[in-house]
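Here the structure is laid out as structure tokens; the discussion comes afterwards.
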Amino acid sequence: MQENMIIAAQQASAQASLSWQQQLSQAIRDPLALCQRLGLSDHWLPGARAGGQLFEICVPEAYLARIAANAPNDPLLRQVLPVSDETLTPQGYVTDPLEEAEHRPAKGLIHKYAGRVLLIASPNCAINCRYCFRRHFPYSDNSPSRAQWQEALDYLRADTTLHEAILSGGDPLAANDRQLAWLVEQLESIPHLKRLRLHTRLPVVIPDRVDDALLGWLAGTRLQKVVVLHINHANEIDQAVVDACSRLKQAGATLLNQSVLLRRVNDSVDTLATLSERLFDAGILPYYLHVLDPVQGAAHFDVSDDEARELVTQLREHLPGFLMPRLVREIPGQGSKTPL
Ligand SMILES: *Cc1c(COP(=O)(O)O)cnc(C)c1O
Ligand code: SF4
């Protein structure tokens, strides 16, 4: 334990001088390395290997540093460590739960809801979350180059009912700032677009991602800016994350958070209440609490609808209304997220 903490401290200081790209390229992707780094017993290795074959492990050091050593039930560890349950194939858990393949009018563009479209700005993420619906998704087919964006941009220009462009992924901030600055410049030249929204986990996973290059294009655009972070547990919010959030706010962004309700990660009233409080301390408002998408390999994270409703009912007795996330599910074919 002691030794592990010393290693963690050394690793953290070694990371301090690295760019976010270097931190990402040095992320742990190997089951054995992950178990050793966290002092986990060999018991976890076969599961980590089996799950990791289905969906690669990816955890950067900045995130690992927030995980306790030798603690298999750590709520952050459960989000990143593959386990043998991932190989199960229970009925109803599928590979494309959102049926997004049907809503792609142009390469890299998903238009399901009125007034807003989603642009797949990067196929990559800085972390591989075990519960993610994209664990089976062929994202490499959907990350357009500059020339290929023209079709999506033409679509946006032609539809004057669109007011908001949402950069998504993968994680849009896994793209480099030159590309993102170019894309945002294209978007802001479309007169009927008012808002730019980013759905990203990168400022949480590698807070150094929020650097001057990012802040430059973000602060510089005429578009109103909303950044929807993805944080599931209060332990994910350390001082570096708080600082990254305050830089985003200084650049003019409104900060919101979405979480996924996950078995043995955040499925208790206390955990959810603490999360909301800690979010607000960091200048972030809770937005959505999603129930799990029924994706193959993630059934062990499922919380039943009844239990989810009961949790949220109790949570309301602990929190002011503005710290209550909306409990929703995504149902294919619906024109919005569906409240539970
Ligand atoms: C979730 C989602 C949005 C955004 O929905 P909001 O309710 O505005 O947050 C937009 N497009 C797609 C395809 C989505 O899945
Ligand atoms: S899309 Fe979001 S939830 Fe899925 S792996 Fe990437 S960061 Fe995690």
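The values are calculated or read from the model by the stated rules, or taken from the named source; none is laboratory data. Please read these numbers as outputs of a predicted model, since none were measured by experiment. Note: ideal-geometry Cβ built from the backbone for every residue, glycine included; neighbour counts use all protein chains shown.
Worth a mention:
- Listed here are the helices (runs of 4 or more DSSP H) enclosed by the stretch 232-340 that have at least 3 residues being without any contact (Cβ under 8 Å) to a residue 24 or more places away in the chain: 305-315.
- Given (1) within 24 Å of residue 62 (Cα to Cα); (2) of a type in the set (Val, Ile, Thr); (3) assigned to a loop (DSSP other than H, G, I, E, B), index of the condition residue 228 fails: (3)
- Residue in the stretch 185-213 that is surrounded by the fewest Cβ atoms within 10 Å (Cβ to Cβ), counting only those that are within 12 Å of ligand 2 (Cβ to nearest atom) and in a loop (DSSP other than H, G, I, E, B): 201
- Restricting the stretch 111-136 to residues that are out of contact with any strand residue (DSSP E or B) (no Cβ under 9 Å at 6 or more places or on another chain) and either farther than 22 Å from residue 62 by Cα or hydroxyl-bearing (Ser, Thr, Tyr) (or both), the residue that is surrounded by the fewest Cβ atoms within 10 Å (Cβ to Cβ): 114
- Single condition residue 222 does not satisfy, out of (1) more than 26 Å from residue 21 (Cβ to Cβ); (2) within 16 Å of ligand 2 (Cβ to nearest atom); (3) in contact with a helix residue (DSSP H, G or I) (Cβ under 6 Å, 6 or more places away or on another chain): (2)
- Scanning the stretch 155-184 for residues that are within 16 Å of ligand 2 (Cβ to nearest atom) and in a strand (DSSP E or B) yields a total of 4.
- Of all residues in the stretch 99-110 being at negative phi and crowded, with 19+ Cβ neighbours inside 10 Å, the one that is farthest from the chain's Cα centre (by Cα): 106
- In the stretch 132-142, of all residues being in a loop (DSSP other than H, G, I, E, B) and within 16 Å of ligand 1 (Cβ to nearest atom), the one that is modelled with the lowest pLDDT corresponds to 137.
- When the stretch 255-297 is filtered for residues that are more than 11 Å from residue 325 (Cβ to Cβ), in contact with a Leu (Cβ under 8 Å, 6 or more places away or on another chain) and not hydrophobic (A, V, I, L, M, F, W, C), the ones remaining, listed by number, are 267, 268, 277, 283, 293, 297.
- Condition met for residue 54 (surrounded by 19 or more Cβ atoms within 10 Å (Cβ to Cβ) and either within 19 Å of residue 238 (Cβ to Cβ) or under 23 Å from the mean Cα position of the chain (by Cα) (or both)): no
- Taken as a whole, the structure leaves residue 90 outside the set of residues that are at pLDDT below 95, within 16 Å of ligand 2 (Cβ to nearest atom) and surrounded by fewer than 13 Cβ atoms within 10 Å (Cβ to Cβ).
- Flag if residue 147 is assigned by TED's automatic domain parsing to the domain that holds residue 263 and at pLDDT 95 or above: no
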